[in-house]
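Notes to accompany the following structure.
The values are calculated or read from the model by the stated rules, or taken from the named source; none is laboratory data. All of these numbers come straight from a predicted model, not from anything done at the bench. Cβ: placed from backbone, ideal geometry, glycine included. Neighbour counts: every protein chain shown.
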Amino acid sequence: MHHTVILLHTLPDGTSHFDWLLDQPGLGIGHRLISFRCAIRPDCAVSSTFCALRLPDHRARYLSYEGVVLPDRGRVERVACGEVFGLEVSSGTISAVIQWADDGVAYRGSHDGSKDGVWNFLCHPMDSTLDG
């Protein structure tokens, strides 16, 4: 079973963003979490689109970690967790269905082709089809 978490990452300067981490358990315990920085919570973006910055893959410990991120990178607090079904990953696309605490959401993400790592996500309620 795959898991996902959303962490509120508060930086030392007081600004914050959300880190969305998607588990790939078949990759062992190392850097197996697909990671995105988001301005909005992905679990609150149902029936919409949002952009996210792809980050380097994170270690599996961040599925359950909350606290200070060293060296001097602020702190993280888990604000949501869910189960991931049907995760499909390629070099330019990601799709998954995620069961959050209250809702199921289907996501399709694609890299916008830029060098800065921006991905565009389309999401719908789990009972809907992904179109576009």
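Results, tabulated for the structure shown:
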quantity	calculated
Residue within the stretch 77-88 that is aromatic (Phe, Trp, Tyr) and either in contact with a His (Cβ under 7 Å, 6 or more places away or on another chain) or closer than 13 Å to residue 20 by Cα (or both) present	no
Condition broken by residue 52, with the remaining ones in (1) of a type in the set (A, V, I, L, M); (2) touching a helix residue (DSSP H, G or I) at 6+ places or on another chain (Cβ under 9 Å); (3) without any contact (Cβ under 8 Å) to a residue 40 or more places away in the chain; (4) within 17 Å of residue 17 (Cα to Cα) satisfied	(3)
Pick from the stretch 16-36, criterion touching a Gly at 6+ places or on another chain (Cβ under 9 Å) and modelled with pLDDT of 95 or more, ranking: nearest to residue 110 (Cα to Cα)	36
Residue list for the stretch 70-86, restricted to those being over 25 Å from residue 100 (Cα atoms), out of contact with any Ser or Thr (no Cβ under 8 Å at 6 or more places or on another chain) and in contact (Cβ under 8 Å) with a residue 60 or more places away in the chain	72, 73
The stretch 26-64, residues that are of a type in the set (Gly, Ala, Ser) and surrounded by 12 or more Cβ atoms within 10 Å (Cβ to Cβ)	35, 45, 52, 60
Identity of the residue in the stretch 89-107, surrounded by 13 or more Cβ atoms within 10 Å (Cβ to Cβ), among the small types (Gly, Ala, Ser) and without any contact (Cβ under 8 Å) to a residue 60 or more places away in the chain, that ends up farthest from residue 120 (Cα to Cα)	104
Residue in the stretch 37-52 that is modelled with the highest pLDDT, counting only those that are among the hydroxyl-bearing types (Ser, Thr, Tyr) and assigned to a strand (DSSP E or B)	49
Exclusive hit being of a type outside the set (A, V, I, L, M), touching a strand residue (DSSP E or B) at 6+ places or on another chain (Cβ under 8 Å), in a loop (DSSP other than H, G, I, E, B) and on the phi < 0 side of the Ramachandran plot, set 116, 102, 57	116
Filter result for residue 72 (touching a strand residue (DSSP E or B) at 6+ places or on another chain (Cβ under 8 Å) and acidic (Asp, Glu))	no
Check on residue 40, within 22 Å of residue 119 (Cα to Cα) and without any contact (Cβ under 8 Å) to a residue 24 or more places away in the chain	yes
Residue identified as of a type in the set (Gly, Ala, Ser), within 18 Å of residue 6 (Cβ to Cβ) and more than 14 Å from the chain's Cα centre (by Cα) among 74, 82, 92, 113	74
